[in-house]
Amino acid sequence: MQFRRTALVAALSVVALTAAACGDDADDSAAEPTVAEAPEFEAGTTMAEIAEAGTLRVGTKFDQPGFGLENLEGEVEGFDVEVAKIIAGALGIAPEDIEWVQTPSSVREDVIEGDEVDMVVATYTINDKRKERISFAGPYYEAGQQIMVASDNDEIDGPDSLKENPDAKVCSVTGSTPAEQIKPYLADPGQLVLFDEYSQCADSLRNGQVDAVTTDNVILLGFVSESDGAFKLVGEQFTEEPYGIGITKGDVAFCEFINETLQENEDAYIEAWESTAGEVEGTETPELPEPAPCA
């Protein structure tokens, strides 16, 4: 299995490894996906080019428990990782021939436009602003934004309480949808603290540098499960976050191939969830959403 960090994010590897050290005890093994033998694709399509190259370049996160996390052996694991393996298998690409590229929120569109990856599977919320630069296959999962605080914090019980506590600091990630969607709940823009990775937010919460962390609930549940009781979720989900797979803008054929592959491998999808994010307490096995039309 190959790994590559882009120049934009190489300095973040130490942070990702620190996060991985907290959660290496779970049984995170997933069944190896079926790999098609010598699949044939129309000449000139992305699928044909990838199959001929014999490798798939996948952008994912290295700091997201349950979705994309680099472990102590230097391998990435999680639901996004397994979803990418399902798609790779349909292209005739074995897991060991996937090239994983560390892709924090702030550079996801950049690595697609720069042809540094073939696709991004990285808790990537579909929205209109991002569609101006790239296309999405999917959605393949529906999440929702929530708030995480220290277990002894009784002042913040949801997003609305951030205005009631104007001195409270809330952390999210540069370039993320949650960072934008929390802004209307703040008394002052200075309440928002941004980092490149959520593991940095979790560290800051543990150290008392921030009072809350906000992102999608399933990501936060991963941090809560690894916190030894230090963190908790508060309030209800207050957004809907459909996760999609980012690809080159306008590549309709590749989008349709990805959607069809996931729809035809729903059992593998469920197994991927249950062996990764589904092991976190509080999560529920999802139904594979109906894909949106490709454009």
Exercise for review: Quick one: among Asp154, Asp80, Asp110, which has the greatest mean-square fluctuation in a GNM of the chain with alpha-carbon springs under 10 angstrom?
Suggested key: Asp154
Study note, to complete from the structure: For region 43-55, in residue order, the Karplus 3J(HN,Hα) values (coefficients 6.51, -1.76, 1.60; θ = phi - 60°; whole Hz; Gly and Pro = x) are 4, x, 7, 4, 4, 5, 5, 5, 4, 5, 5, x, 8
Practice item. Read phi for every residue in region 166-175 and hand back ³J(HN,Hα) as whole Hz from Karplus 6.51 cos²θ - 1.76 cosθ + 1.60, θ = phi - 60°, with x for Gly and Pro. Key: x, 8, 6, 9, 10, 10, 8, 10, 4, x
Revision key, fill the gap. Calculated from DSSP helices alone, with each H run of at least 4 adding -39500 (n - 2.57) and the total divided by the residues of the chain, [θ]222 nm to the nearest 500 comes to -8000 deg cm²/dmol
Exercise for review: Calculate the translational D of region 145-234 in whole µm² s⁻¹ from Stokes-Einstein, where the hydrodynamic radius comes from the Kirkwood formula applied to all Cα pairs, the temperature is 25 °C and the viscosity 0.890 mPa s.
Suggested key: 196
Check your understanding: How large is ³J(HN,Hα), in whole Hz, for each residue of region 80-86 in order, when computed from phi with the Karplus curve 6.51 cos²θ - 1.76 cosθ + 1.60 and θ = phi - 60°, using x for Gly and Pro?
Key -> 4, 4, 5, 4, 4, 5, 4
Exercise for review: Report, ordered by chain and residue number, the lysines lying within cross-link reach of Lys131, taken as a straight Cα distance under 17 Å and ignoring same-chain residues fewer than 8 apart.
Suggested key: Lys249
Review point. With the chain treated as a Gaussian network of Cα nodes joined by springs under 10 Å, which of Ala122, Ala179, Ala202 yields the largest mean-square fluctuation?
Key: Ala179
Practice item. Rounded to the nearest 10 degrees, what's the angle between the helix 252-264 long axis and the longest principal axis of the chain, both from Cα atoms, 0 to 90? Key: 80
Review point. Here are some pairs, Lys61/Lys129; Lys129/Lys183; Lys85/Lys129; which of them have Cα atoms lying more than 23 Å apart in this structure?
Key: Lys85/Lys129
Study note, to complete from the structure: At q = 0.21, 0.30 Å⁻¹, the log10 of I(q)/I(0) for region 157-208 from a Debye sum over equal Cα scatterers comes to -0.73, -1.24
Revision key, fill the gap. The answer for the net charge of residues other than Leu192 whose Cβ lies under 15 angstrom from its Cβ, with Lys and Arg +1 and Asp and Glu -1, is -2
**Study point:** Within a Gaussian network of the chain (alpha carbon springs, distance under 10 Å), most fluctuating of Ser106, Ser135, Ser161
**Key:** Ser161
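No lab work stands behind these numbers, since they all come straight from the coordinates. Quantities reported herein were computed from a predicted structural model and do not represent experimental measurements. A quick note on method: Cβ atoms are made from the backbone with ideal geometry, for glycine too, and the neighbour counts reach across all protein chains shown.
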